[in-house]
């Protein structure tokens, strides 16, 4: 299999943003010269995938490119992202937040449209921890009187 990343990322041809969601962290670069390039590298395995193949569901892919649609820059940038932690859904949303921050680094004038779409506010919902003497975070073992 040939490597998908056959290009060099430099400050002249890219902008960087970090996105986080649940347990996932995505380091995202948007590439000016390569609008057809959508690559994801998974840190746990070190493998690279085409973004559409990696996120599998069309709804998740639409989430990833949502910041481009909001700002009207669809088809003008490529994406190179490294992700770690969490599942595919959390990673896709982390990439989405990273793309929004990278677009903001590219053009600060896009701030209003990104803020209106709530793409600059991190979704802070996390998994609640399991408590001792309970089945899970909220569920409890059945209580017996005798």
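Taken together, the values in this text are just the output of simple stated rules run on the coordinates, not laboratory data. Worth saying up front: this structure is predicted, and the values here are computed from it rather than measured. When we count neighbours, we look across all protein chains shown, and the Cβ atoms used for this are built from the backbone with ideal geometry, even at glycine.
In a solvent-free Debye calculation with one equal scatterer on each Cα, what is log10 I(q)/I(0) for segment 14-116 at q = 0.14, 0.23 Å⁻¹, listed in the order of the q values? Each listed q maps to, in turn, -0.44, -1.24. The label-point distance for residue 105 and residue 32, in a model that sets each label 7 Å from Cα toward Cβ, rounds to 1.4 nm.
Using r as the Cβ-Cβ distance of residue 45 and residue 143, and R0 as 35 Å, what FRET efficiency do you calculate, to the nearest 0.05? Please report the intermediate quantities before stating the final value.
Details: r = 45 Å, r/R0 = 1.27.
The value I calculate is 0.20.
For segment 1-65, which semi-axes, largest first and in whole Å, follow from the square roots of 5 times the eigenvalues of its Cα gyration tensor? Intermediate values should be presented prior to the final figure.
Values: eigenvalues 70, 46, 36 Å².
Computed over segment 1-65, the values are 19, 15, 13 Å.
Taking 45, 71, 82 as the candidate residues, the one with maximal mean-square fluctuation in a Gaussian network model of the chain, Cα springs under 10 Å, is 45.
The packing ranking, built from the mean of other Cβ atoms within 10 Å per residue, places the peptides 49-62, 115-128 in the order 49-62, 115-128, highest first. Judged by the mean number of other Cβ atoms found within 10 Å, the most tightly packed of the peptides 15-27, 94-106 leads the ranking 94-106, 15-27.
Could you work out the relative contact order of the chain? I mean the mean sequence separation of Cα pairs under 8 Å and 6+ apart, divided by the number of residues, in percent. Walk me through the intermediate numbers first.
Numbers: 266 pairs, mean separation 43.6, N = 146.
Relative contact order here is 30 percent.
For helix 88-106, what angle does its Cα long axis make with the longest principal axis of the chain, in degrees from 0 to 90 and rounded to 10? Around 40 degrees separate the two axes.
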